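Since the structure comes first, as C-alpha cells, the remarks are kept for the end.
Throughout, read-outs are computed from the coordinates displayed, never taken from laboratory work. Quick caveat: nothing in here was measured; it's all calculated off a predicted structure. Cβ placement follows ideal geometry from the backbone for every residue including glycine, while neighbour counts extend to all protein chains displayed.
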Amino acid sequence: MLLSAFRNSLRVMGKTNEKKDNVILLTTGLSGSSHAKSHYGNRADGWWEKFIGPGLPLDTNKFHIICTNVIGGVMAQQGLLQSTHTHQKKLANPLGYGRAQFRLMDHLGIQRLHAVVGSSMGGMQSLAAASLFPERVNRVISISAAARSHPYSIALRHAQRQVLMSDPNWMGGMYYEHGLARQIGTITYRSGPEWEMRFGRKRSNPSLKPSLKTDFMIESYLEHQAMDMFDMTDRPSFDPNDISSSSLSETGYDEKYSLITTYPVPCGRNATIQSTLVIGVKSDFLIPSWQQQEIATCLKDAGNKMVTHFEIDGVYGHDTFLLDFSNVGSAVKGHLEIPTMVQPETTKSVPKPL
C-alpha cells in the first residue's frame, strides 16, 4: 500500500542555526514515541530524558533535535485504527520509515542532517536513512541494532505477535488485551545478571505460602510492566495492533540484502560514506553484540574508514541504551561533537561500570 499523504507527530528541541546544518534526527525504537524529552505541555519523562538537554549528549545548546513517531508505529498519529483494521495492509519497514521522515525534512526545509541517531529499531532506521539519503546525512549512530534480524530474534517477535493474535477478541485486528505480550517483550529487553542483582529469588510476600499466583518479585515486576501498558493517560493513540506491525517490520528488515540494488556494497550500501558509530552490549540477547560487530565489519569491508565500534560490558541487556547514561552518553556525545575527520578503524570495549 502506498501513502500519497500521511499525518505524523514530532517533537523538536533546541534551535536551528542560520545554515540549518545542526539538525539531528532522533529515531525511535519499537515502543518509543516522539516524546523523547519532557516539556511544558507534557511533564512526564521522555524515553531518552537524561540524554537530551543543555550540555547533555544531545546538546540542545548546539543542536536542533527532531524526534518523530514512525508511520504505523505504536504511538503514531496515523496508525492502524486510523486507516484499517486489517494489519496485513499496514506493513512497513525501516526503509519506509526513513522515506517518511525525509518527507518531513523536506516539509521543514532541512536539506542535510548533522546526524541520524537511533537505538534498537531506531538504529535500523539510522542505517536505512544513511543508505537511502547518503547526500543528506553527515553522521550515523546505531545503538543495539542490526543490519538484519537473526532467527532467535524473529522467533521471540513471533511469540509476542501470536499472544496478541490468539486472543478471541482479535477480530482481524480489533484487539484490546496485550499484557502477556508486554511481559514477553520485557524479558527480551533486559538481562539475567541485572535481575539477579535486583530481584534474585526474593518473594513479594514471604509470609504467604507459594501458589500459582504472582509469588516472586520478578513476577510482580513483569505484571507491573504489563499493567503499565494499559495506562492510556499519556498514550491516547496507542494501538496494540501496531506492536504486531512494527515487530514484523523489524524481523523482515535486511539491510545487508535490501531492495536498494543500485549499489553492490552489502550492509548499508550507501552508508559507507558517513562517519558511523556502532554500539553493542555484551548482555543483550535480543539483538546480540555480534550483530553490531557485523554492521561495523560490513561497513569497513565496503571501504568506510570512519567506523567506530564500541562494545559495552554492562548488565542491562537490550535496554542499556535507556539506562547506561555514562557509557552510552559519552560515546554519543563524542561522536556528535568531534570534528569530521577520517577515523581509524577500531573496535573498543568499554569496561564494566563499578
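General observations
- Ordering 297-309, 327-339 by mean Cβ neighbour count within 10 Å, with the highest value first, yields 297-309, 327-339.
- Annotation: amide H-H contacts under 5 Å for Phe216 (H modelled 1.01 Å from N, sequence separation of 5 or more, or interchain): Ser204.
- Violating pairs (Cα-Cα greater than 20 angstrom) within the set Lys202/Lys282; Lys19/Lys62; Lys37/Lys62; Lys15/Lys333; Lys37/Lys333: Lys202/Lys282
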